[in-house]
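Structure first, then comments.
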Amino acid sequence: MTEELIMQDMTLDDLEGVTSSPGIEIEQFEGKMIPVEKVTVMVTMSKYGVDGKTVEAGKELFMPVMKIETAPVTKNINSEGEEYEIRASELFSLKVKDKTYAELVKDLGKSDSDFEADKEKALTIAKNMIKEKKIGWSTHEKGALFKFLKKMKVAHPKDLIGRNVLIITRAGGGDSVFLGYVKE
């Protein structure tokens, strides 16, 4: 058992309280209107394979997404004493044009393993696919980014820059809270 391994050479008496920063109460930003400042494409780990089906644990893939971020709402200091900005952001999946992601990957002579552990390799593949106009955002009426663009009354994600979004908070794992914005 994991508990036995952790406690193997110690007792609870060995643990002490530690001082930590209280962090920032990001809930104070909920309901504020903040302009979009950045629209970027990145790759992030996904629990879905190139065929859109859930993959087994440890086989997650790096897949291309669009990240839309607001201007900073505040700044904080990390444990190394470095200042960093806090922004609201949302990720939107990118889609393959006219075929499934699995078909495109097969056409490129790639496999799931090309997207597994190598973030840089996956990013290069995604960049090339975007340049070749093989992936983009879904224009289906139920597509998340399509609905957000329609709500914001813009035709292209680049047109979001400077437009205000309504900030909300989202629960993360444990006690974590993240800033996002109303998408629909």
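Values in this text are rule-based calculations from the coordinates and carry no lab data. Worth saying up front: this structure is predicted, and the values here are computed from it rather than measured.
Quick notes on this structure:
- The stretch between residue 33 and residue 121, if pulled fully straight at 0.36 nm per residue, gains 28.0 nm over its current Cα-Cα span.
- Full-stretch length increase - residue 177, residue 164 - with 0.36 nm per residue and alpha-carbon distance subtracted: 2.6 nm
- Among the listed pairs 67/133; 53/158; 67/134, those whose Cα-Cα separation exceeds 26 Å are 53/158.
- Available extension along the chain between residue 76 and residue 57 is 3.5 nm, counting 0.36 nm per residue and deducting the alpha carbon span.
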